Structure formats: C-alpha cells, structure tokens
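Chemist: Pasting a structure here, questions to come.
The values are calculated or read from the model by the stated rules, or taken from the named source; none is laboratory data. The structure presented is a predicted model; accordingly, all values stated were derived computationally and were not measured. Glycine also receives a Cβ, built like all others from the backbone with ideal geometry; neighbour counts cover every protein chain displayed.
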Amino acid sequence: MTSESLGTVDFPALLRRHGLLNEAALLSPSGGSGAAAGFTPTQATTILAFKFTGGVLVAGDRRATSGNTVIYDRADKVLEIDRHSIMAIAGVPATAWEMARVLEHSLQYFRRTQLQEMSVDGKVRALSKLLRDNFGFVMQGVGVVVPIFATYDFIGEGQPRLYFYDAMGAQFEVAEYAATGSGSPAVRGVLFYENRWGKKPLHKLREEDAVTVALRALDTAAESDTATGGVDRNARIFPLIKIISRDGIQTLPEKQIALRFKRTVA
Amino acid sequence: MTEEPYRWVEAIANRREYIETQLASGSPIAALSYRDGILFVTVGRARQKLFEIYDRIALGAIGHPGDIERLRMTAIELASTEGFTRSAADVSLRRLAFYSLSPVLKTAFEQVYGAPFLARMIFAEVGATPQDDLFLRVEYDGAITAHGPAADAQPPRFSAISGTTRATELMEQLLRRDHEPDCTLNRAMKVALDAWSAGSLPPTDEGDGKIPSKETLAQHRAKELESSTIEAVILERNAPSAIRYRTLGGEELKALVSA
C-alpha cells in the first residue's frame, strides 16, 4: 500500500520514487561535459502557433533531421496533452516526446486524484519544470527542446492562451503568435508581416485564411531552411494543423489541408 | 491471540460484523452496460462517490471516505504508472483488482491488530462492445465478484453494491429482469434509478425479497430526491479521445432523468 504517498499530486515525483524517470537529463555537477562531440542528435524542426477568430492554431512541419540528413518526413510534432492543451515541439524528439508523455500523464494524474482540472498557470509551470529538469541534456548538447504550449483558459469569458519556452524552462506568454525551431526566423517574418500589413491582423482571420497563413509560413521557412519539411509536393506530405477552441481540440483532416494548399499556396 | 485458531476466527467474524454495520447505511450504486458505454448511477448528499481511475476504468465506492481515498489513490497510481511506462492499452482492470488491490484488502482485513478498509467498491472497464465490458465488485476482505468476458458464457452486464446483502440481491434481481445490455442511455438511466431505489428502500415485513412495484420505487425516489441529488458518470465506448470517463451533469442529466 502506498500510504506514504498520501498527498502526492506530482506525477514526476511518483515516477522518481519508483525509479521510472530518467535522471540522466538532470544537470550533473560537472556541467557541460562535451559528450556531444561526434554525436549529432535527431532534431525536429519548425513549429508555429497563432490566435485567430476560432481560437488558437498550432502547426508543425513533419521533418526530423540529424545534421544534414533527413531522418524522417512524417514526424508528429504537434502533440495533444489534454482536451484543451497542445504541446508543439522543436528540438530533440527523443527528449521532447518523453517530456510530452510525462506532461500528459501529470495533468491527468492531477485531475484524477484531485478531482479538479489543473489551472492554466499550473500546466504552464509543469512544462517549465520538465524543461529545467532536462537542462543537463541541454548542456551536453544532446537534448535541447524548445516547445510551444497552447491551451484554453475557461476563467471569465474564456480565451485561448499561448506560450513559448526557452531551453532552460522560462515561459513567455504571447498575445498573437509564436514560432520556434530552425525555420522560425522565416516563420516569424511571415507572421509579423501578415499581422502588421496583411489584409487582416492574425487574430481577426477566419479559419480557412488562418490555415493559408500557416501553410505559407511553413513553406517560406522550408525554402531556405533545409531542416524544415514545409510541404512535400511529390510525396504529398502536409504539415500537421490543430485548432484549440472552447469545444476542445480539432485536428484538420489532411484532405482539407491539401485542398487549401492547392487553392492558396501551391 | 493468533496462536489460538478459534479466537482468530472469532475475531474475524466480529470484525466482519463491525464492518457490515458501518457500511449498512451506504447509498447503493448501480453500474450497467448500454449500447454506447457503461453508466454508473447513485444518489447522495454531498460527497462524491463515483470516480475516474484511468482512461477506460471508473470506480463507485461506499464506506469510510478516508479508506475509499486510500484505495482510489492506489488504483490511480498503479494505473498511471503502468500507462506511462508501457501504454494505456496495458492498463487492465482485471490485473489491477486481482493482483494488486485484492491481496492488500485481504491482508488488512485479516491482520486483526490493524485497521481494515471500510469500503465496498464497483470497478468497471468499458470494452469495444457490451460483451467486452468488465464489472468487478470488490469487497473489504478482498473478495471479488466478476461480471465480464471471462466470468461465464452469458455474464450479467451490470454490477450493484449497497449497504446490505439483502439490498444488493434485490438490486441484482431487478437488473436481471429489466436490463438489456444493448439499450440506450435513456433506458439505462431508468433501469439504474429503479435499481438504486430498490436497493435503498428500507426492508418491509411483507413481500420482502421481492422487487417492489414501479410506483413504490418512483414514490420512494421522489421523496429521497427532495434532499439528495443524482450522481451519474459514463464510460463512453466510442469517444474520440482516449479518455472515456465523463460526468453527466446539468441539462444533460436533467433531460435523461426526466425522459
């Protein structure tokens, strides 16, 4: 019986007690060991998110690279954490996917044991803590993760909330848009331009125009950044796009994205 | 004392009697399959009695809140660590109840110098069809009554608990007579509420052990609901998300109950 655990609501702490959490990622006293020399980790690249009339749109290309080699062209970087939260990842997928799993289970564990949903601030902090616990891998150059976190806040009239993080776990809330990963400079350029000089600012876009902007931004990034997959026209591989609204998370069907791409991007 | 077998048996019998007395006033809980999932229903005052354990597993419990809480936490911990280290598909109610909870309950019950768990529980796990649904009634002494795929060829697709054996048997009689596993949620709610009413009616001298008439049940329920509320949760068979547990409340519950 686990009575000594009474009151434990921290899922990572529970995993640690059972020896189920990888401690290698914690920062060792020696700090950066340079162990990364000669080892190039797999990297997932460009993700973006912005608020529009229908909530918040989160999109990611599908490419994973290692150095200048394309490892995989169907990677899923836009991950559902709970009914209203998405973590999108840029960085090392081995670390990021594990982090997403821990986060997903942490939020569920909290809800199930405490019989209430964790607050938005609590969720944001939970991810921040996971990133900080991963700082050992960051210093060794083998496990950098820079995620975007998007969720819906039901307090008051309700509104979507959007955050991006740095590799140490600092969270930055944004009012309009966020992008991380190797293709993000180009994406930020496109989103800034659209928001400032486009037909409408991002937050006033309807869903189909928002999808167009997302596809164009990723395509722009792919044009100069080889690590960004953008849209693979030959293999017909499209970015993954999810939308968070009051009603939950909606994954746009590939057909819909393909059609939108054909009409407004290709 | 434990060196003297007779006194040990006597102590266990006393303890059983004590626990049964403690549980006797518990409000019944009915759990039953319907076409699109599993429905749990009870009626209570303030304290929540139906809980989410994991994606496809729910719990209904009567007894001491402290003991229920310890068992509930243990079940969630076990399911969550299993689901995290392996996968959600590896979380199994059968393993959870038979291999983890039952031995702990039995040990606590039989160690006469320690405190037993004052709790009686129904666990249910929703499957792909009503035929795959699993219901386990878990007692304070670790005994488990299983209704499910492995139990027998035509197992009942329901389970019920209440404060007394008499009331539970009455509920099961009613469920056996009225419940069809392929029914709608509306229909399942009606049958579940009837079962609750049958289980919570105080025993009468005449006709005891027989299912009371619909009117008697409805009358009793109406009176009880003046000071209590219905608590209902479902495990959805075909929900788009992995999490199948959902609390019924507000307008949705009102519509179901009055339909």
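Chemist: Scanning the stretch A:88-107 for residues that are in contact with a helix residue (DSSP H, G or I) (Cβ under 7 Å, 6 or more places away or on another chain) and either at the interface with chain B (Cβ under 10 Å from one of its Cβ atoms) or part of a loop (DSSP other than H, G, I, E, B) (or both), which turns out surrounded by the fewest Cβ atoms within 10 Å (Cβ to Cβ)?
Modeler: Out of the qualifying residues, it is A:Arg101.
Chemist: Return yes when B:Ile57 is of a type in the set (A, V, I, L, M) and within 14 Å of chain A (Cβ to nearest Cβ) and no when it is not.
Modeler: yes
Chemist: When the residues of the stretch B:82-94 are narrowed to those that are touching a residue at least 24 places away in the same chain (Cβ under 8 Å) and of a type in the set (A, V, I, L, M), which ends up nearest to B:Ala143 (Cα to Cα)?
Modeler: Restricting to residues being touching a residue at least 24 places away in the same chain (Cβ under 8 Å) and of a type in the set (A, V, I, L, M), the top hit is B:Leu93.
Chemist: I'd like to verify a number: residues in the stretch B:117-168 that are surrounded by fewer than 22 Cβ atoms within 10 Å (Cβ to Cβ), among the acidic types (Asp, Glu) and in contact (Cβ under 8 Å) with a residue 12 or more places away in the chain, how many?
Modeler: Count: 3.
Chemist: If you go through the stretch B:97-123 one residue at a time, how many are β-branched (Val, Ile, Thr), away from chain A (no Cβ under 14 Å) and more than 19 Å from the chain's Cα centre (by Cα)?
Modeler: Residues meeting the conditions: 1.
Chemist: Moving to a separate point now. Of the conditions (1) touching a Phe, Trp or Tyr at 6+ places or on another chain (Cβ under 8 Å); (2) part of a strand (DSSP E or B); (3) not acidic (Asp, Glu), B:Phe51 satisfies every one except a single condition; which number is it?
Modeler: For B:Phe51, the failing item is (1).
Chemist: Moving to a separate point now. Taking the residues in the stretch B:86-96 that are more than 13 Å from chain A (Cβ to nearest Cβ) and crowded, with 17+ Cβ neighbours inside 10 Å as candidates, determine which candidate is farthest from the chain's Cα centre (by Cα).
Modeler: My answer is B:Ser92.
Chemist: Taking A:Glu117 as the residue in question, decide whether it is in a loop (DSSP other than H, G, I, E, B), out of contact with any Asp or Glu (no Cβ under 6 Å at 6 or more places or on another chain) and at pLDDT 90 or above.
Modeler: When the stated conditions are applied, A:Glu117 passes them.
Chemist: Select from the stretch A:47-87 the residues that are of a type in the set (D, E, K, R) and either more than 14 Å from chain B (Cβ to nearest Cβ) or not in a strand (DSSP E or B) (or both) and list them in ascending order.
Modeler: Within the stretch A:47-87, A:Lys51, A:Asp61, A:Arg62, A:Arg63, A:Asp73, A:Arg74, A:Asp76, A:Lys77, A:Arg83 meet the criteria.
Chemist: Quick one: in the stretch A:82-112, which of the residues that are of a type in the set (Ser, Thr, Tyr) and modelled with pLDDT of 95 or more is nearest to the chain's Cα centre (by Cα)?
Modeler: A:Ser85
Chemist: Turning to a different aspect of this structure: Give me the strands (runs of 3 or more DSSP E) completely within the stretch B:108-215, filtered to those with at least 2 residues that are closer than 20 Å to B:Glu236 by Cα and touching a Leu at 6+ places or on another chain (Cβ under 8 Å), ordered by residue number.
Modeler: Per the criteria, B:119-125, B:134-138, B:158-161.
Chemist: If I filter the stretch A:33-44 for residues that are part of a strand (DSSP E or B), modelled with pLDDT under 90 and not aliphatic (A, V, I, L, M), do I get at least one hit?
Modeler: Within the stretch A:33-44 (the criterion being part of a strand (DSSP E or B), modelled with pLDDT under 90 and not aliphatic (A, V, I, L, M)), the answer is yes, since at least one residue qualifies.
Chemist: Determine which member of the set A:Leu131, A:Leu162 is part of a strand (DSSP E or B), out of contact with any Leu (no Cβ under 8 Å at 6 or more places or on another chain) and touching a residue at least 24 places away in the same chain (Cβ under 8 Å).
Modeler: The match here is A:Leu162.
Chemist: Condition test on B:Thr21, is it under 20 Å from A:Gln114 (Cβ atoms), free of Cβ contacts under 8 Å to residues at least 40 places away in the same chain and not in a strand (DSSP E or B)?
Modeler: In short, no.
Chemist: Out of B:Leu174, B:Leu235, B:Leu185, I need the residue that is within 14 Å of another protein chain (Cβ to nearest Cβ), under 20 Å from B:Pro156 (Cβ atoms) and either within 21 Å of the chain's Cα centre (by Cα) or among the hydrophobic types (A, V, I, L, M, F, W, C) (or both). Which one?
Modeler: B:Leu235
Chemist: Same structure, new question: Checking the structure you have, find out if any residue of the stretch A:221-230 is touching a residue at least 12 places away in the same chain (Cβ under 8 Å), of a type in the set (Ser, Thr, Tyr), part of a helix (DSSP H, G or I) and within 19 Å of A:Arg260 (Cα to Cα).
Modeler: Checked against the condition, which is being touching a residue at least 12 places away in the same chain (Cβ under 8 Å), of a type in the set (Ser, Thr, Tyr), part of a helix (DSSP H, G or I) and within 19 Å of A:Arg260 (Cα to Cα), the stretch A:221-230 yields no hits at all.
Chemist: Looking at B:Ala97, B:Ala79, which one is assigned to a helix (DSSP H, G or I), free of Cβ contacts under 8 Å to residues at least 40 places away in the same chain and not polar (S, T, N, Q)?
Modeler: From the options B:Ala97, B:Ala79, the qualifying one is B:Ala79.
Chemist: Identify, please: which residue in the stretch A:21-32 is surrounded by 13 or more Cβ atoms within 10 Å (Cβ to Cβ) and under 19 Å from A:Ser106 (Cα atoms) and is, among those, modelled with the highest pLDDT?
Modeler: Residue satisfying both the conditions and the ranking: A:Leu21.
Yes/no per residue for (1) more than 19 Å from B:Ile161 (Cα to Cα); (2) under 18 Å from the mean Cα position of the chain (by Cα):
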{"site": "B:Glu4", "(1), (2)": "yes, no"}
{"site": "B:Glu17", "(1), (2)": "no, no"}
{"site": "B:Ala24", "(1), (2)": "no, yes"}
{"site": "B:Pro28", "(1), (2)": "no, yes"}
{"site": "B:Ser33", "(1), (2)": "no, yes"}
{"site": "B:Ile38", "(1), (2)": "no, yes"}
{"site": "B:Tyr54", "(1), (2)": "yes, yes"}
{"site": "B:Glu69", "(1), (2)": "no, yes"}
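Every residue, every condition in (1) surrounded by fewer than 16 Cβ atoms within 10 Å (Cβ to Cβ); (2) modelled with pLDDT of 95 or more; (3) touching a Ser or Thr at 6+ places or on another chain (Cβ under 7 Å), yes or no:
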position: A:Tyr193; (1), (2), (3): yes, yes, no
position: A:Trp197; (1), (2), (3): yes, yes, no
position: A:Leu205; (1), (2), (3): no, yes, yes
position: A:Val213; (1), (2), (3): no, yes, no
position: A:Arg216; (1), (2), (3): no, yes, no
position: A:Ala222; (1), (2), (3): no, no, yes
position: A:Arg233; (1), (2), (3): yes, no, no
position: A:Pro253; (1), (2), (3): yes, yes, no
position: A:Lys262; (1), (2), (3): yes, no, no
